Structure formats: C-alpha cells, structure tokens
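Each remark here refers to the structure printed beneath this line.
The values are calculated or read from the model by the stated rules, or taken from the named source; none is laboratory data. Keep in mind that this is a model prediction, so the values were computed, not measured. Backbone-built Cβ (ideal geometry, glycine too); neighbour counts: all protein chains shown. Just so you know, the surface numbers come from the protein's heavy atoms only, side chains and all, with ligands and any DNA or RNA stripped out. Shrake-Rupley method; radii C 1.70, N 1.55, O 1.52, S 1.80 Å.
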Amino acid sequence: MGQIIAVAVITILAVISPGADFAMTVRNSYLYGRTAGLLAAVGISLGVLVHVTYTMLGVGLLVTRTPALFTAMKLVGAAYLVFIGYRTFVTKAKVDIDLSDGGGLSKAGALRTGFLTNALNPKTMLFVLSTYTQVVSADTPVAQQLGYGLFMSFAHLVWFALAATLFSNPSLRARLLRRQAVLNKVIGTVLVGLGMALALTPSVQ
C-alpha cells in the first residue's frame, strides 16, 4: 500500500507542475479548439507510455548512464520545443476570430504535438525512471509495475484534458483569441525558453 501511495503522490505532483506539456496543451486549445487540446492530451499520455515501456525494458537506465545518448535525446527534445515555440511566436494574429473546433490543425497534427512534446522530454523520462528505480522494488510483480505505468499515463490524460476543456471554453477562448498577438508571443517565448533550458541542463552523470 505504501508503494502505491508513493507512486500516486509522485505522479500527481509531476503532472500538475507547469512545463512544456501544459504550454502545448494551452496552445492547441485556445488556438485550434477543444478537439485539438484533447488530442494533445491523448498524445501526452501516449508519450508517457513510451517512457514507461523502455524503462521497464531497462533501456531508460542505459540512456541515463550513457551521456552521449542522453544528450542526443535531450537536444532533439529541446530543438522540437524551440521550433514549435518559434512558430507560435511569429504566427500573425488572425484578422477574423475563428471559433470553429479544430480549424487550422489536423487531428493527426494535434495528436502529434502532444506526443512528441512528451516523448522527447527527458524530464518525463527521468520522472518515470526515478519512480521505477526508487519506489518500485525488484520483487514488485510485472503486472503491478505495468499498472503504475498506466496510472501515470491516465493521470496525464485527465489533467491535460481538464486544461484543454478550460482553455477551449468558448467565452474564454474568444477573449484569448482577441489577445492572440500577445498570447502567441508569450506561449512561444515559454516554449522556446523551456527548450533552451532543457538544452543547457547538464547531462546525467
């Protein structure tokens, strides 16, 4: 029971802490609507499963103990955030406010932004890896370990789906879209900043 509580607390704290996943969900939700925001949330939850899968297979531990691999993964993730952030920053505000759901971004594109943001984020990798190595013991059944991973994924899905629902609310979205020139620059700057901070973070020793 103690192990379950520990995993739950660590996961919830990790999920609600602001970061690239939250910024990307807000970006999709207010610019493109609820469907785009919810699909980003689904993509994020699928990204978590990627980290869980390779951690359970032992690859995650190998990556953290191989500086070159970790650095390569970190730089790819950082470059993706900087790229999306730059594109958001330079996006011109629409002359006409479009409140259609999903306009301007395909469903595959919305899912992809959420998935890549999480799957390429070494901070999520370290969160999953540290949870499995510090909390989960060697004699924990594989089925239980898999259950922990599914809980991590589900917690991300619920939290970011709630964020998507909030920021795609028609009245709030209309107000945000009227200020989209400023918001695009704020969100773009946040994403670029997160990418730069990620790139400059020292590699795991």
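Numerical summary
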| item | result |
| --- | --- |
| Yes/no for L120 being over 15 Å from Y32 (Cα atoms), among the aliphatic types (A, V, I, L, M) and crowded, with 19+ Cβ neighbours inside 10 Å | yes |
| Where P202 falls short, out of the listed (1) buried (at least 16 other Cβ atoms within 10 Å of the Cβ); (2) farther than 25 Å from G33 by Cβ | (1) |
| Which listed residue, of G85, G43, G33, G77, is on the phi > 0 side of the Ramachandran plot and open to solvent by less than 10 Å² (accessible area, probe 1.4 Å) | G33 |
| Hits in the stretch 130-180 - residues which are under 24 Å from T113 (Cα atoms), small (G, A, S) and surrounded by 13 or more Cβ atoms within 10 Å (Cβ to Cβ) | G149, S153, A155, A161, A163, A164, S168 |
| Among residues of the stretch 104-117, those that are open to solvent by 20 Å² or more (accessible area, probe 1.4 Å) and over 23 Å from T64 (Cα atoms), counted | 7 |
| Matching residues, the stretch 173-205, being touching a Ser or Thr at 6+ places or on another chain (Cβ under 8 Å) and either without any contact (Cβ under 8 Å) to a residue 12 or more places away in the chain or more than 16 Å from F89 (Cβ to Cβ) (or both) | R173, S203, V204 |
| Search result, residues across the stretch 50-63 that are crowded, with 20+ Cβ neighbours inside 10 Å and within 16 Å of F115 (Cβ to Cβ) | H51, V52 |
